[in-house]
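Have a look at the structure below, then the notes.
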Amino acid sequence: MSTPSVAVIVVAAGSGTRLGRPEPKAFVPLGDGTLLSHAVDRVLGMREPVQLVVVVPAERAEATRSELAARADAAHPVVVVAGGELRQDSVAAGLAAIAPEVGVVLVHDAARALTPSLLFDEVAAAVRTRGHGIVPGLPVVDTVKRVADGRVVETVDRAELAAVQTPQGFPRGALERAYRLAGGEFTDDAALAAAAGVSVEVVPGDVRAFKITVPADLRRAEQLVAVGDADDAASADRHEARQAEPGPSILPPEPITEPRLVTPRVGTGVDVHAFADDDTPLWLAGLEWPGERGLAGHSDGDAASHAICDALLAAAGLGDVGRIFGTADPELGGAHGEVFLRETVRRVREAGFVVGNVSVQLVGNRPKLAPRREEAEALLSRFVGAPVSVSATTSDGLGFTGRGEGIAAIATALLLPA
């Protein structure tokens, strides 16, 4: 069993007065557990072994230690420590409890209880490859105003803003040094680290990593957990029924019902463009590819962006790109994928959904995606406001893509209730 080289400090020592509950926020019930138990489940769901350090109010430390003892093993050692008066004091207490062999430290707020395990994995991997601080964040989609005494002073350029989340990851030495040098209070570890000269980059966050701060946030979390629990229970019931069924007989089909608004929605989109016969530049996955043959189309021919739009629209039940944008609108002549993506996301939000994540695969011989994959993913994630993963494959010389006549793109999108 490998020794963990990553530690996750879950900060759960806050009072959470804005939630209006008698217990500390991390111990507020959520589904069959608490905010803290859900956060712990996500950490322990990571792909690699991790050391989990949980920081709780002093009076809750012993009880929490007993509750988590059964979760600990060689691959997932668990330590519970008492927190301090300030969040920084609690993180410092967590840092002091980390095993010597740990090289990467992630700090996570228990209030972001539904943060998916994959986001922890992605932040840890980014810290390793880049060697400095990494924070997940989502683009700010609302117009932001600077206000003084109730009067609007200026409009802030939201293109330069990001709503950051946790877990926030750092090389251990850099974070420990930042805490030794810390003077004053900071709202998160990224700000504290940056003040100590640590470089910090933003990677795409996840809408499920929202912070549970006020009662409306808790109701949203309860809805999401209820949907997950219902799906799990239904799956288990169907499995047990099939196990009990004698012989090879088949259960009758389940009745088809209209999905509830709280149900996540999945959509698929496909787009195809032939290569142009002129010197049209290639635009694909939101990027221009100098020196590559361009794609024919009324717009810029960005098959990846158009496939993503179709997947989002399909998931929301809004039709497709042709229906929404038409195929010959003069205002969209030569328009880039960003235009279509931002308008599509706006319509999806109006329909009552937020984007969970998107995956798009390119099918073709060129261009070579690997050198610009991260750039494409970061750009598309910014346009969509959620994580977008991009992959590529060839068709082994078969069909129009194999003959080098064009490019196809296939996208899948997950929408969650707003």
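What follows is calculated from the coordinates using simple rules that are stated; it is not laboratory data. Fair warning: this is a prediction, and the values are worked out from it, not measured in the lab. When we count neighbours, we look across all protein chains shown, and the Cβ atoms used for this are built from the backbone with ideal geometry, even at glycine.
Worth a mention:
- Estimated dipole of segment 324-375 in Debye, rounded to 20 [Cβ of Lys and Arg +1, of Asp and Glu -1, Cα centre]: 260
- Sorted by Cβ neighbour density within 10 Å, fewest at the top, the residues 338, 405: 405, 338
- Between segment 79-93 and segment 134-210, the alpha-carbon center distance in angstrom: 20
- A simple charge model with +1 on the Cβ of Lys and Arg, -1 on the Cβ of Asp and Glu and nothing else charged puts the dipole of the chain at about 740 debye relative to its Cα centre.
- Ellipticity estimate at 222 nm from DSSP helix runs (n ≥ 4, -39,500 (n - 2.57)) divided over the chain, nearest 500: -10000 deg cm²/dmol
- Whichever lysines have a C-alpha closer than 18 Å to that of residue 211, once near sequence neighbours (fewer than 8 apart) are set aside: 25
- Among 37, 204, 294 the positive-end extreme of the charge dipole of the chain (Cβ point charges): 37
- Dipole-positive endmost among 93, 107, 132 within segment 62-154 (Cβ charges, Cα centre): 132
- Per residue Cα convex hull volume in Å³ - calculated over the chain: 212
- Rounded to the nearest 20 debye, the dipole magnitude of segment 265-417 is 560 debye, with +1 charges on Lys and Arg beta carbons, -1 on Asp and Glu beta carbons, and the Cα centre as origin.
- Extreme residue, positive dipole direction of the chain, given options 49, 303, 383 (C-beta unit charges): 49
- With Rh defined as the Kirkwood radius, the inverse of the mean 1/r over Cα pairs, the Rg/Rh of segment 94-153 is 1.16.
- From least to most packed, judged by other beta carbons within 10 angstrom and beginning with the fewest, 346, 65 follow the order 346, 65.
- Relative packing of peptides 17-25, 72-80 - highest average C-beta neighbours within 10 Å first: 72-80, 17-25
- Sequence-separation-based contact order of segment 160-211, relative, with Cα cut under 8 Å and 6+ spacing, percent: 39
- Highest-MSF residue in the chain out of 41, 320, 279 [GNM, Cα springs under 10 Å]: 279
- Among 304, 285, 69, residue whose mean-square fluctuation peaks in a GNM of the chain (springs only between Cα atoms under 10 Å): 69
- P(r) weight above 19 Å for segment 265-417, C-alpha pairs, percent: 48
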